[in-house]
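The values are calculated or read from the model by the stated rules, or taken from the named source; none is laboratory data. Small disclaimer: the values here were computed from a predicted structure and weren't measured. When we count neighbours, we look across all protein chains shown, and the Cβ atoms used for this are built from the backbone with ideal geometry, even at glycine.
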Amino acid sequence: MNMLPHKTKTLGLATLLALMSHTGLQAQTTLKVGEPFPNCAAFKLEGTLPAALKGKIVLVDFWASWCGPCAKSFPAMEALQNKFKDRLVILAVSVDAKPANLEKFLKKHPVTFTVVRDAEHQLVDAVGATSMPTSFLLDATGKVRFTHNGFDGEDTTKQYLTEIESLLNDKP
């Protein structure tokens, strides 16, 4: 029995996922705009969740230490955190299997926003994030208002700014 076609398909899928991660190709998530984001406390996340998410604009970002675009997104998210202070909550959810990889990444890219780890991939699977980084921008009611697959530097940062400001200007 020839196993080459199966290996070729697997290699092709791995290559496609790697290209999506590095080129900004858009992958789809199962959680759609307008739907409520799952309650993070219901998942086995390692770390301490922010005390107050209700009534705040929340940026939930799924990332991994091996992801090049993720490393570029962290300074941008830190700048957003500094600009919007208590009006924006950023929750970075690592999908790293090993805590040491997360810790090493954070030493290179220190941030003041909350970072937790989804070691069992329960939350990342629930929202269907298939590429890193994937982020969800939530309104004050906890509904997904914007999604981002990948990080394209200044272009994505400008989109975040516009979207956050529009959500802050929304009247509940």
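Among the residues of the stretch 121-131, count how many are in contact with a Phe, Trp or Tyr (Cβ under 6 Å, 6 or more places away or on another chain) and surrounded by 15 or more Cβ atoms within 10 Å (Cβ to Cβ). Of the residues in the stretch 121-131, 3 are in contact with a Phe, Trp or Tyr (Cβ under 6 Å, 6 or more places away or on another chain) and surrounded by 15 or more Cβ atoms within 10 Å (Cβ to Cβ). Taken over the stretch 15-32, the residue count meeting the criterion of being of a type in the set (Val, Ile, Thr), modelled with pLDDT under 50 and either in a loop (DSSP other than H, G, I, E, B) or touching a strand residue (DSSP E or B) at 6+ places or on another chain (Cβ under 7 Å) (or both) is 0.
The residues of the stretch 107-120 that are modelled with pLDDT under 95 and surrounded by fewer than 16 Cβ atoms within 10 Å (Cβ to Cβ) amount to a single one, Glu120. Is one or more of the residues making up the stretch 74-82 modelled with pLDDT under 95, within 16 Å of Thr134 (Cβ to Cβ) and among the hydrophobic types (A, V, I, L, M, F, W, C)? Within the stretch 74-82, none of the residues are modelled with pLDDT under 95, within 16 Å of Thr134 (Cβ to Cβ) and among the hydrophobic types (A, V, I, L, M, F, W, C).
Out of Thr134, Thr141, which single residue is of a type outside the set (A, V, I, L, M) and either without any contact (Cβ under 8 Å) to a residue 12 or more places away in the chain or buried (at least 16 other Cβ atoms within 10 Å of the Cβ) (or both)?
Details: Thr141 fails: either without any contact (Cβ under 8 Å) to a residue 12 or more places away in the chain or buried (at least 16 other Cβ atoms within 10 Å of the Cβ) (or both).
Only one candidate passes the filter, namely Thr134.
Of all the residues in the stretch 45-87, those that are on the phi > 0 side of the Ramachandran plot and within 14 Å of the chain's Cα centre (by Cα) number 0.
Please tell me if Ala100 is part of a loop (DSSP other than H, G, I, E, B) and surrounded by fewer than 19 Cβ atoms within 10 Å (Cβ to Cβ). Taking the combined requirement at face value, the residue does not satisfy it. Modelled with pLDDT under 95, of a type in the set (D, E, K, R) and not in a helix (DSSP H, G or I), is that true of Lys85? When the stated conditions are applied, Lys85 does not pass them.
So which residues in the stretch 33-52 are in contact (Cβ under 8 Å) with a residue 60 or more places away in the chain and assigned to a loop (DSSP other than H, G, I, E, B), if there are any at all?
Those that are in contact (Cβ under 8 Å) with a residue 60 or more places away in the chain and assigned to a loop (DSSP other than H, G, I, E, B): Val33, Gly34, Glu35, Phe37, Pro38, Phe43, Lys44, Leu45, Gly47, Thr48, Leu49, Pro50.
Here is the figure for the stretch 125-172: residues that are assigned to a helix (DSSP H, G or I) and closer than 21 Å to Ala64 by Cβ total 7. For the stretch 139-155, filtering for residues that are of a type in the set (Phe, Trp, Tyr) and closer than 17 Å to Ser166 by Cβ leaves 1.
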